[in-house]
Amino acid sequence: MAYVYRHIRLDKNEPFYIGIGFDSEYKRAYETHKGRRSKFWLKIASKTKHIVEILIDDIDEETAKAKETEFIKLYGRKNLGTGPLCNLTDGGDGCANRIFTAEHRQRLSVASKGRVYSLERRQIMSEQRKNNPIIFTDEIRKKISEGNKGKKLSPEHIALMKQRIGENNPMYGKRNYNYMGEVAAYKDGVQVGVYEGIHKAASALNVTATKISACLNNRRKTTGGYTFKRLNLPEDGQAYVHNKRIKNGRIV
C-alpha cells in the first residue's frame, strides 16, 4: 500500500514538499540523502529544520499518485511562481510539467551522445514497447495538435531538411527503411502514379514519407489530399518499416 506525506519547514511553518511512498516504515518520507532529494529540497533543508507529516495512509498506488498531484496543485510550486513547494513536477507519473534548465539539457545531451545499448538491452526495450502500445485517443490527438500549433522550424532546420531529400538522405537506399514495394497514389479515387517506394512517392507528390507510411498502415486516411495503396512487395515477399514486418497492411 502507499501513503502521501508532506514536509513542513519550521522557520515559516509552511509545507515545502509533497511526496508519496510505498514502504511500510515511511522511510521515503524521512529520506534526506543527497542522491534521493533534489538540490532545491536540500537548499531549503539546510536553512531550517523540518517535520514530516503523513497526510494519507494505507491507500493504493493510483490513489496516492492522484492525491500527490492534487496537493501539489493546491499548495503550488515555487519554480512556477504558484506556491511554496520545491517539487519539480506536478506529481503522479513521469516528469509532468518539469522545467529543464539549459544546463540540465546540456548535461542530458552530453550523456546521451555516443551511448550504445547492448543487444540484451535493446531486446528488453523492444518487448516493453510491444507490451505497451501507444493508443492515440481523440484527447491525445487534440493535445498533440494544440501543442504543435504556432511552432515554426528555424531556417537552419529547414535548410538541413532540404539538403537531406532523396539520395542525400543518409538512410536512402538502405533496406528495411527506404523500400516497401511499389506504392500507388490516388486523388479523388483516380490513380495519379505508381512509385518505387514511399520516398520516391513523397518526393514526386511533395508530401512526407512518414505520412505516406501512416496511410499505408491505416494510421491516417490521407496526406496532401492523396490516398495510397501498396501494390507489390519486395522479392522476399515481405515489406518492412524500420526492421518491423508488415502483414496485411499492419506492422507486426
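Only the coordinates and a few stated rules stand behind these numbers; no lab work does. It should be emphasised that the depicted structure is a prediction, and the values quoted were computed from it without experimental measurement. For neighbour counting, all protein chains shown are included, and Cβ atoms are generated from backbone atoms with ideal geometry for every residue, glycine included.
Going from the fewest other Cβ atoms within 10 Å to the most, the residues 157, 199 appear in the order 157, 199. A cut-off of 5 Å between modelled amide H atoms, ignoring neighbours fewer than 5 places along the same chain, links residue 17 with 7, 86. Note on region 2-80: with charges restricted to the Cβ of Lys and Arg (+1) and Asp and Glu (-1), its dipole about the Cα centre is near 800 debye. Ranking 40, 8, 30 by Cα position along the charge dipole of region 1-80, where only Lys, Arg, Asp and Glu carry charges on their C-beta atoms, puts 40 farthest toward the positive end. Nearest 0.05, what FRET efficiency do residue 52 and residue 93 give at R0 = 25 Å with Cβ-Cβ as r? Rounded to the nearest 0.05, the efficiency is 0.60.
Stretch residue 1-residue 32 to full length: gain in nm at 0.36 nm per residue minus the Cα-Cα span?
On the way: separation 31, 0.36 × 31 = 11.16 nm, distance 2.21 nm.
Result: 9.0 nm gained on full extension.
Run through region 18-72 and list the chymotrypsin sites (Phe, Trp or Tyr not before Pro) located in a DSSP loop whose Cβ has at most 15 other Cβ atoms within 10 Å.
Details: sites: 22, 26, 30, 40, 41, 71; in loops: 22, 26, 30.
Of the chymotrypsin sites (Phe, Trp or Tyr not before Pro), the ones in loops of region 18-72 whose Cβ has at most 15 other Cβ atoms within 10 Å are 22, 26, 30.
What list of ³J(HN,Hα) couplings, whole Hz, do you get for region 214-223 from phi and the Karplus terms 6.51, -1.76, 1.60, once you set θ to phi - 60° and write x for glycine and proline? Once θ is set to phi - 60°, the couplings for region 214-223 become 5, 5, 5, 9, 6, 9, 7, 8, 9, 8 Hz. Beyond a 24 Å Cα-Cα separation, which of these cross-linked pairs lie in this structure: 49/78; 152/211; 113/142; 27/67; 149/211; 34/67? Pairs exceeding 24 Å: 113/142; 34/67.
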